[in-house]
Amino acid sequence: MDKIRIRGGRPLQGSIQIGGAKNAALPLMTACLLTDEPLVLKNLPFLVDITTLSHLLVQHGVSVTMPGAESADEPGHVLELRAKRIVSTTAPYDLVRRMRASVLVLGPLVARIGQARVSLPGGCAIGTRPVDLHIKALEALGATIAIEKGYIHATAPKGLKGGEIVFPTVSVGATENALMAAALAEGESVIVNAAREPEIGDLARCLNSMGARIEGAGSERITVTGVPRLHGATHSVIPDRIETGTYMMAAAIAGGELELVGASYDMVAAAARALEGTGVAVERLPAGIKVSRRANRLKGIDIATAPFPGFPTDLQAQFMALMATADGDSIITETIFENRFMHVPELNRMGADINVQGASASIRGVAKLNGAPVMATDLRASVSLVLAGLAAEGETLVNRVYHLDRGYERLEAKLAACGAAIERVAGEG
Ligand code: EPZ
């Protein structure tokens, strides 16, 4: 398995092109199941998760082709997805367990074919992550659900019917499944307490350009007037706000100045405010964001994760690496996932002083971190160790790089181009 080697202590200087959002791309790809016409997605990131989902879609009968290469004026990859005929309505355990976002085929398959059999994803490194809200949403639209032998079996032989879906807690994935299912349901649906993440707005825009009638995406109440069929479309994926936030934290922890080209300030406003609170300057540019750290030391501040527009859970680990090297104490509270502190023991091995109690971590900033061999069990925890490595004295070797490859395209190349001493070391197996 590949590793990433970092020699810390070098400030960053330069510009980084932000890619298309992984977490917008995945639901957008499953939306192709809603129509027999081609869906062309532009500005896709080239990531392992995109390939994994392509494999799942292919076994449902989708043809996946790459109609054009990346060009200078249009960065990112292009995929054409065409679900002319659905040949299988089963999403098997072997593919779903590798990537939980596979559950997003549930809504589109039931809406188009009237049935779906999707493996229960099971727990994962960051928590138990149930799918009860996805199931409740489909039931509210008239689907019959049975859980059999580890599979969700959803049927709606006469098609889905519009209904009211009231989510007790905010769920990004369940809102996405509900939107896609309601798009083809008969009559009007209302989604109450919908997720407001930018990825929801992007999905709604794409569905509307496929002929759907969705209003209110981006607010907590979304109205969907079902249509009998959807058609093909071409859609460009929004920039990745978590990749953006990660490089903002990289500039903050390593020092120097980074321009993040293609980034959207509004999508990372909570992270920008938090960084400004620590002493980092964040500036809106016409084509992105500039982040600079001139102060020698940053100030520790408290944050709590929350659904959008709050501070994202997907940037919590990265912010903790930063707080580990700031002056003073800080408290980070994780409110979305119950087990998202796996980076803590690894950061402590690098000399951080972090204590976890329940959903909160108390961080006492230290004068310096020390490089060490480290390993993490999920994507964002892994990248927090890379950030810590940028600031640490000596060499850090981050193992299990395949986690990073799920969500960061050419991470080491992008950072190295801005002056970081970082390289990928090819490993066996
Ligand atoms: C999305 O996951 C993202 N993944 C996650 O990104 C992100 O951390 C998360 O939203 C929160 O922002 C994708 O978009 C592919 P949720 P999702 O449903 O949709 C509970 C990354 O690193 N819940 O909003 O699965 C759940 O357990 C990742 O890129 C239920 O109880 O998250 C969690 O506590 C990882 N029942 C909370 O809701 C359900 O049926 C929010 O989860 C569904 C969720």
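With a 1.4 Å probe and all protein chains left in place, how much of the accessible area of region 286-381 comes from carbon and sulfur atoms, in whole percent?
Roughly 53 percent, rounded to a whole number.
Counting only the backbone N, which residues of region 94-119 are under 19 Å from the spot 7 Å out from the Cα of residue 59 toward its beta-carbon?
Answer for region 94-119: 94-110, 115-119.
From the P(r) of region 1-90, can you give the percent of Cα pairs sitting at distances over 21 Å?
Details: 1703 of 4005 pairs.
When every Cα pair of region 1-90 is considered, 43 percent fall beyond 21 Å.
Calculate the spin-label point distance for residue 46 paired with residue 377, positioning each point 7 Å from the Cα along the beta-carbon direction, and give it in nanometres.
Simple spin-label model gives 3.2 nm for this pair.
How far apart, in nm, are the 7 Å Cα→Cβ label points at residue 37 and residue 306?
Distance between label points: 4.1 nm.
When all protein chains stay in place, what accessible area (Å², nearest 10, 1.4 Å probe) is found for residue 139?
90 Å²
Multiply the residue gap between residue 209 and residue 356 by 0.36 nm, knock off their C-alpha separation, and tell me the result in nm, one decimal place.
Extra length available between residue 209 and residue 356 comes to 48.3 nm.
Region 382-429: percent of C-alpha pairs farther apart than 15 Å?
44 percent
Reported to two decimal places, what Rg/Rh ratio describes region 158-316 when computed on Cα atoms with Rh from the Kirkwood expression?
With Rh from the inverse mean 1/r over Cα pairs, Rg/Rh is 1.09.
Per residue of region 28-33, in order, report the coupling 6.51 cos²θ - 1.76 cosθ + 1.60 (Karplus, θ = phi - 60°) as ³J(HN,Hα) in whole Hz, putting x for Gly and Pro.
4, 5, 6, 5, 5, 5
My understanding is that a pair violates if its Cα-Cα distance is over 23 Å; which of 22/136; 84/158; 42/158; 299/368 do that in this structure?
As for pairs spanning more than 23 Å Cα to Cα, those are 22/136; 42/158.
For region 1-155, which whole-number percentage of the solvent-accessible area (1.4 Å probe, protein heavy atoms only) is attributable to carbon and sulfur atoms?
For region 1-155, the apolar C and S fraction of the accessible surface comes to 51 percent.
With point charges of +1 on the Cβ of Lys and Arg and -1 on the Cβ of Asp and Glu, referenced to the Cα centre of the chain, which listed residue (237, 382, 219) lies farthest in the positive direction of the dipole?
My answer, from the dipole projection, is 382.
Determine the distance separating the Cα centre of region 1-66 from the Cα centre of region 293-333; give it in Å without decimals.
27 Å
Using only the alpha carbons of region 325-429, what is the convex hull's orientation-averaged projected area in square nanometres?
In nm², the orientation-averaged hull projection of region 325-429 is 7.2.
Between residue 338 and residue 88, with labels modelled 7 Å along Cα→Cβ, what's the label distance in nm to one decimal, could you check?
It works out to 3.3 nm between the two label points.
Under 5 Å between amide hydrogens, which residues at least 5 positions from residue 43 or on another chain qualify, with H placed 1.01 Å from N in the peptide plane?
Those lying under 5 Å, H to H, from residue 43 are 77, 237.
Convex hull over the alpha-carbon atoms of the chain: what's its volume per residue in Å³? Please list the in-between numbers first.
Details: hull volume 54.7 nm³, N = 429.
With only Cα atoms used, the chain gives 127 Å³ per residue.
Where is the GNM fluctuation largest for the chain (alpha-carbon springs, 10 angstrom cutoff): 285, 41, 207?
Looking only at 285, 41, 207, the largest GNM fluctuation is found for 285.
Once the Cα atoms of helix 269-278 and of the chain are each reduced to a long axis, what angle between those two axes, in degrees from 0 to 90 to the nearest 10, is obtained?
Once rounded, one gets 10 degrees.
Rounded to the nearest angstrom and ordered from largest down, what semi-axes does the equivalent ellipsoid of region 75-222 get from its C-alpha gyration tensor (root of 5λ)?
The three semi-axes for region 75-222 are 21, 18, 18 Å.
Could you give the angle, 0 to 90 degrees to the nearest 10, between helix 172-183's Cα long axis and the longest principal axis of the Cα atoms of the chain?
Approximately 20 degrees, to the nearest 10.
Which values, in whole Å and largest first, are the semi-axes of the equivalent ellipsoid of region 1-49 obtained as the square root of 5 times each eigenvalue of the Cα gyration tensor? Kindly include the intermediate steps, with their values, before the conclusion.
Values: eigenvalues 239, 41, 11 Å².
So the equivalent ellipsoid measures 35, 14, 7 Å along its semi-axes.
Can you give the accessible area per residue of the chain, in Å², using a 1.4 Å probe? Write down the numbers at each step before the final one.
Numbers: 16600 Å² over 429 residues.
Accessible surface, normalised per residue, equals 39 Å².
At a probe size of 1.4 Å, how large is the accessible area of residue 93, to the nearest 10 Å²?
Estimated to the nearest 10 Å², residue 93 gives 120 Å².
Within a Cβ distance under 13 Å of residue 164, other residues only, what is the Lys/Arg minus Asp/Glu net charge?
Taking every Cβ under 13 Å from that of residue 164, the sum is +1.
When the label point is put 7 Å from the Cα of residue 285 along its Cα-to-beta-carbon vector, which residues of region 6-27 have a backbone N closer than 18 Å?
11-20
If the chain between residue 416 and residue 299 were fully stretched, how many nm would it gain, using 0.36 nm times the residue separation less the Cα-Cα distance?
39.5 nm
Quick check on region 258-341: what are the equivalent-ellipsoid semi-axes from the Cα gyration tensor, as sqrt(5λ), descending, whole Å?
They are 21, 18, 9 Å, listed largest first.
Return a whole-number percent for the relative contact order of the chain, with Cα pairs under 8 Å and 6 or more residues apart as the contact set.
With pairs under 8 Å counted, the relative contact order is 21 percent.
The values are calculated or read from the model by the stated rules, or taken from the named source; none is laboratory data. Note that the coordinates shown come from a computational prediction; the quantities given were computed from them, not determined experimentally. Because the Cβ atoms are built from the backbone with ideal geometry, glycine has one as well, and the counts that use them run over all protein chains shown. Only protein heavy atoms, including side chains, enter the accessible area calculation; ligands, DNA and RNA are left aside. Shrake-Rupley method; radii C 1.70, N 1.55, O 1.52, S 1.80 Å.
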